[in-house]
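The values are calculated or read from the model by the stated rules, or taken from the named source; none is laboratory data. These numbers come from a predicted model, not from an experiment. Don't worry about glycine lacking a Cβ; one is built from the backbone with ideal geometry, like all the others, and counts go over all protein chains shown.
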Amino acid sequence: MTPFEVPVPTFTQFTRPSELAGPLRRELAACWAAVVNTGGAVIPPDCPLPPVTPADVATAVDRIAENLTPDHSMLLSATLDGTLAGWLVLRREAHPLEAHCGVVNHVQTQVHLRGLGIGAALMHRVRHVAREEMGLDRLKLTARAGLGLEHFYRKAGWAEVGRWPGVLRLAPGDDRDEILMSIAL
């Protein structure tokens, strides 16, 4: 691939726990640990603070896998040449008043593949899946301030709709806003 070529990922949707076999779960955990260790991604509640290992996030990956269901929760992966390049989770809101909305979580790109458009491709694909396959009308997500993530999501068409000031404490004296974002489908 030349420096001017943009890789085109292959997308796969996983909607059942049995579809996420051990090797893929290990790839997801390795990606998640690498992203956490570079300052990004959600740190699972039962995980130590960084640096983390894939084993530290494996339970969280298992929890995501066990909650997959065809109508309510899916994991969307992007691969390049058969290797995991990025992933995210899309779930339908459970409450009947919000069942027309979905939530996007755990948007991650392999650290060594950042800047190649994998994350943007995932964000484009999740909109299509949410609208056409799950019948959703709106998506929402939250992002940690201080990383520039809001700019990435804005470029993908998302709008900031609010903030929870200082609710994320990364370390003593390092409190960050949680940015609330939404997109109509």
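Of all residues in the stretch 18-42, which are touching a helix residue (DSSP H, G or I) at 6+ places or on another chain (Cβ under 6 Å) and part of a loop (DSSP other than H, G, I, E, B)? Break it down into steps so the answer makes sense when it comes.
Within the stretch 18-42, the subset touching a helix residue (DSSP H, G or I) at 6+ places or on another chain (Cβ under 6 Å) is 20, 25, 28-30, 32-34, 38, 41.
Matches in the stretch 18-42: LEU20, THR38, ALA41.
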Worksheet entry | Within the stretch 69-106, tally of residues that are touching a residue at least 40 places away in the same chain (Cβ under 8 Å) and under 25 Å from ARG144 (Cα atoms) | 14
Worksheet item: How many residues does the stretch 33-81 contain that are of a type in the set (Gly, Ala, Ser), over 12 Å from the mean Cα position of the chain (by Cα) and either at pLDDT 95 or above or buried (at least 21 other Cβ atoms within 10 Å of the Cβ) (or both)?
Response: 7
Response to the item:
Checked pairs for the stretch 116-145, first over 14 Å from ASN105 (Cβ atoms), second modelled with pLDDT under 95, C-beta under 7 Å and 6 or more apart or across chains, list as LEU116/VAL6; LEU116/PRO7; GLY117/VAL6; ALA145/ARG176
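What strands (runs of 3 or more DSSP E) lie completely within the stretch 44-110 and have 2 or more residues being touching a His at 6+ places or on another chain (Cβ under 6 Å)? Step through it out loud before you land on a result.
Numbers: elements: 73-80, 83-92, 101-109.
Result: 83-92.
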